[in-house]
Amino acid sequence: MPGTVSERIVNSGVERRRAPYGWGMTLSEFSGRTVLVVDDEPMVREVVTTYLTRDGLDVTEASDGVGALRAFEENRPDLIVLDVMLPEIDGFSLLSRIRSQSNVPVIMLTARGEETDRVLGLELGADDYVVKPFSPRELAARVRTVLKRSSGDLEIGDSDIVVGDLRIDRGTRDVEVGDRSIELAPKEFDLLVFLANHPRQVFSRGQLLEQVWGSNTSWQDPSTVTVHIRRIRQKIESNPDKPKRITTVWGVGYRFET
């Protein structure tokens, strides 16, 4: 058997690994999909890559920010698992560079647990945030879900949602406000669609974590929802400070107004 990643030298901080033949039951489902795993710890890359390749995904690895930026530009992955504490270029700076040219889904992976760090990553455009130590099985499940949502593979219906001058096309994942096309990150779109599908119904942040992220408050910080709501409002509300489409029910949660 070939050695593990931790037993090899990773040239220039980048190594590409393909799914071993016969691994996983979802090879055809994710055939051709690529994930960039960026972490300076070989063991973390090894574990994450093992679980992702079992799902049939092709994995590109990078051990530092410079190698990650090069791998992103050369391979244009379908999703990035990105550590915050990296040599050369830190994860936040790398995410900012990536967001300036792409809406590729990004799951932040970090040992930091402070709320300010989590919020910063989400504000910069991360789709999800996983704190070490983490369950590789659950991380792999999140990767699968985000890939399905970002490519439109999840069946959420093909009909449009139209409320005033807001139009949401669930089939193409396009959003328009009046004559403006609104660009939403994958998780922002999923959250907006979920709320719009349940007009006037109030959901707590914990309920939204369960319904949209497939997570819960014991595993993921509810501030994830808060930041995504704020970003959606900035894009679809005429006055984000006084929202009319997604309102806050103080002490309870959020609801979509019709």
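The values are calculated or read from the model by the stated rules, or taken from the named source; none is laboratory data. None of these values were measured; they are calculated from a predicted model. We place every Cβ from the backbone using ideal geometry, glycine too, and count neighbours over all the protein chains shown.
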Breaking point among (1) closer than 19 Å to VAL47 by Cβ; (2) modelled with pLDDT under 80, for PHE134
(2)
Could you list, ordered by first residue, the pairs with Cβ atoms under 8 Å in which the first is in the stretch 201-226 and buried (at least 16 other Cβ atoms within 10 Å of the Cβ) and the second is among the β-branched types (Val, Ile, Thr) and part of a loop (DSSP other than H, G, I, E, B), at least 6 apart or interchain?
SER204/VAL252; ARG205/THR217; GLY206/THR217; LEU209/THR217
Residue, nearest to PHE134 (Cα to Cα), within the stretch 46-71, restricted to residues that are touching a residue at least 60 places away in the same chain (Cβ under 8 Å) and over 18 Å from the mean Cα position of the chain (by Cα):
VAL47
Scan ARG8, ARG70, ARG33 and give me the residue that is basic (Lys, Arg), surrounded by fewer than 17 Cβ atoms within 10 Å (Cβ to Cβ) and modelled with pLDDT under 90.
ARG8
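Scanning for something among the β-branched types (Val, Ile, Thr), more than 20 Å from the chain's Cα centre (by Cα) and closer than 21 Å to ILE161 by Cβ, does the stretch 193-203 turn up at least one residue?
So the first thing to find is which residues in the stretch 193-203 are among the β-branched types (Val, Ile, Thr), and the list is 193, 202.
This time we only want the ones that are more than 20 Å from the chain's Cα centre (by Cα), so: 202.
Applying the additional criterion that residues be closer than 21 Å to ILE161 by Cβ yields 202.
So far as the stretch 193-203 goes, yes, one or more of its residues are among the β-branched types (Val, Ile, Thr), more than 20 Å from the chain's Cα centre (by Cα) and closer than 21 Å to ILE161 by Cβ.
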